[in-house]
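Please treat every number below as a calculation from the coordinates, not as lab data. Since the model is a prediction, treat every value here as computed from it, not as a measurement. Note that we place each Cβ from the backbone using ideal geometry, even for glycine, and neighbour counts take in every protein chain shown.
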Amino acid sequence: MDLTPGEPTRERLGQARALGRELVRPVGLEADRLGRPTPPGHPFFARLVELGLGGTRWTGEPEPEGDAGPAKERGPGNARATLCVAEELSYWDRGVAVSFPGPGLGEPPILSLGSDGQRERFLAPFRKRDRPRWGAFAMTEPGAGSDVAGIRTSARRDGDDWILDGDKSFAANASRADWIVVFATVDPSRGREGHRAFVVERGTPGLGDFKIERKMGLKAYESTSFTLRQCRVPGANLLGGREPATRRAGFKGAMKSFNATLPTIAAMAVGMGRAALDESLAFARAEGLLGDVRVRDGLERIRRRLRVARLLCWRAAWLADHRQPNVTEASMSKALAPLVTFEAAAFGMELLGAVGGRGDHLIEKLFRDAKAMDIVEGTGQIQRLLMARKLVGLPRDPS
Ligand SMILES: Cc1cc2nc3c(=O)[nH]c(=O)nc-3n(C[C@H](O)[C@H](O)[C@H](O)COP(=O)(O)OP(=O)(O)OC[C@H]3O[C@@H](n4cnc5c(N)ncnc54)[C@H](O)[C@@H]3O)c2cc1C
């Protein structure tokens, strides 16, 4: 397993670093100071589109199935290259990295469940460079977070259409999105097997009440609640076919997405942890604290643990690129990296002392930003529960 990033990835990393220093960090600090997400009309987003960012990883070619061999490093579907760039951007500001235009978390379910026609309809527009566009993903509800089987948003057939009713919360970039992949149940008595995914387009009557949530950190991107009231969605927007719900089309589809994205979330946490380490080191040096063995030991411990977390992320991505199952490694990376990052930020806060309490130091911001990384896309606790079930031979998914 050779984990050295190749030339194409190194080139992208260099670009991400330059963009991070010039724009990503300042935009993140601005959003944090103002306490609100960067608005969609901000020149930053137009600049990203000019730079060729905000596109889709869908190439127009069919998605490789089964044992299709390793993904090419230059290819847009390469998990490890994606993960390395995500780590670097998050080093500069993870909230801003998530605010980037693009189909976001809505893309994996369209890639894994959608037909070629649906990919063309919903993803091809992201190849145009005319304006910033966003997609979104809405699974979480006010009463269903970790327990995704408990979602209550309903989908009822009405002729060729579906009628959606329910409440969604914490969906990234939802109010600015051209479409949102919404998970709903066609039959609550079937638990996860009743789940289906629908692409709900902006402006669909019945989709509304967008409310941007208040967050302690990661303020640069919006996490938004919204409602679906008698929301009529054409049958052509149902992902995974029109037949009654199957495990593949519903819950399994969502989980497939998670396994593709968990190592990237974990790598983002590693990037934030690196930032906390660098800031702590700079502060300790400036304040003459490096003579203290406890300070040096604390800093080195964090560097060591960040390396371990990063290797787990890379391993999970390497498996994905070689079309090998990565469920356990993906969970491991997601369970570990956010904890290490939180530890890094907490150690930095200890070094800062009263300076941290002022609320204007980058480490203090990272401390607030870091907490959410353990929550998003399946909490650390849930990942640990799933891995423990698998370790002792129980089915990973209890239902
Ligand atoms: C910044 C941010 C962005 C997000 N973006 C999105 C998004 O784009 N789309 C989307 O759909 N959702 C999004 N979410 C929602 C996120 O996926 C949920 O917050 C997460 O799944 C946890 O759900 P919950 O908040 O309802 O917590 P709960 O499920 O209520 O959990 C509360 C606590 O209890 C623990 N817990 C729960 N069940 C168990 C159990 N069986 N055993 C032991 N411990 C348990 C959890 O680990 C957690 O610590 C986002 C959340 C945040 C904070």
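For the chain, return all DSSP H helices satisfying: extent of Cα atoms along own axis at least 30 Å; mean Kyte-Doolittle hydropathy at least -1.0.
Result, helices passing both filters: 251-286, 293-321, 327-352.
Mind checking which of Pro132, Gly117, Leu105 is farthest towards the positive end of the chain's charge dipole, using Cβ charges of +1 (Lys, Arg) and -1 (Asp, Glu) about the Cα centre?
Of Pro132, Gly117, Leu105, it is Leu105.
Viscosity 1.567 mPa s, temperature 4 °C: Stokes-Einstein D of the chain from its Kirkwood Cα radius, in µm² per second? Walk me through the numbers before you get to the answer.
On the way: Rh = 21.7 Å.
D, rounded to a whole number, is 60 µm²/s.
With springs only between Cα atoms under 10 Å, which of Gly206, Gly378, Gly135 fluctuates most in a Gaussian network model of the chain?
Gly206
Between exposed GluC sites (Glu not before Pro) in the chain, where DSSP calls loop and at most 15 other Cβ atoms lie within 10 Å, what's the longest gap? Could you put the intermediate results ahead of the total?
On the way: sites that count: Glu65, Glu73, Glu213, Glu287.
Longest stretch, sites excluded: 74-212.
With only Lys, Arg, Asp and Glu charged, each at its Cβ (+1 for the first two, -1 for the last two), find how big the charge dipole of the chain is about the Cα centre; round to the nearest 20 debye. Mind showing how you got there, number by number?
Working: 61 positive and 50 negative charges, 48 e Å.
Dipole of the chain, to the nearest 20 debye: 220 debye.
Hey, what do the phi angles of the range 177-190 turn into as Karplus ³J(HN,Hα) couplings, whole Hz, using 6.51/-1.76/1.60 and θ = phi - 60°, x for Gly and Pro?
Working through the residues one at a time gives 7, 5, 8, 10, 7, 10, 8, 9, 10, 8, 6, x, 5, 9 Hz.
Starting from the 7 Å offset along Cα-to-Cβ, what nm value, one decimal, do you get for the label separation of Asp209 and Arg17?
In this crude spin-label approximation the distance works out to 4.8 nm.
Among the aspartates and glutamates, which fall within straight-line cross-link reach of Lys211, defined as a Cα-Cα distance under 14 Å, with same-chain neighbours fewer than 8 residues apart omitted?
Cross-link targets: Glu141, Asp167, Glu222.
Under a point spin-label approximation (7 Å from Cα along Cα-to-Cβ), what is the Arg156-Asp2 distance to one decimal in nm?
Placing both labels 7 Å along Cα→Cβ, they lie 5.9 nm apart.
For the range 287-399, build the convex hull from the C-alpha positions and give me its volume per residue in Å³.
Details: hull volume 14.3 nm³, N = 113.
Each residue corresponds to 127 Å³ of Cα convex hull volume.
Listed here are the pairs Lys168/Lys365; Lys128/Lys371; Lys128/Lys365; which of them are more than 29 Å apart at the Cα? Could the numbers behind the result be given before it?
Numbers: Lys168/Lys365 27 Å; Lys128/Lys371 36 Å; Lys128/Lys365 35 Å.
The answer is Lys128/Lys371; Lys128/Lys365.
Okay, helix-only estimate at 222 nm for the chain: each DSSP H run of n ≥ 4 adds -39500 (n - 2.57), divide by all residues, round to 500 deg cm²/dmol; what do you get? Write out the running numbers ahead of the final one.
Working: 12 runs with 186 residues, N = 399.
Here the helix-only value at 222 nm equals -15500 deg cm²/dmol.
Restricting things to alpha carbons, find the Rg to Rh ratio for the range 140-233 using the Kirkwood radius for Rh.
Working: Rg = 13.2 Å, Rh = 13.6 Å.
For the range 140-233, the value is 0.97.
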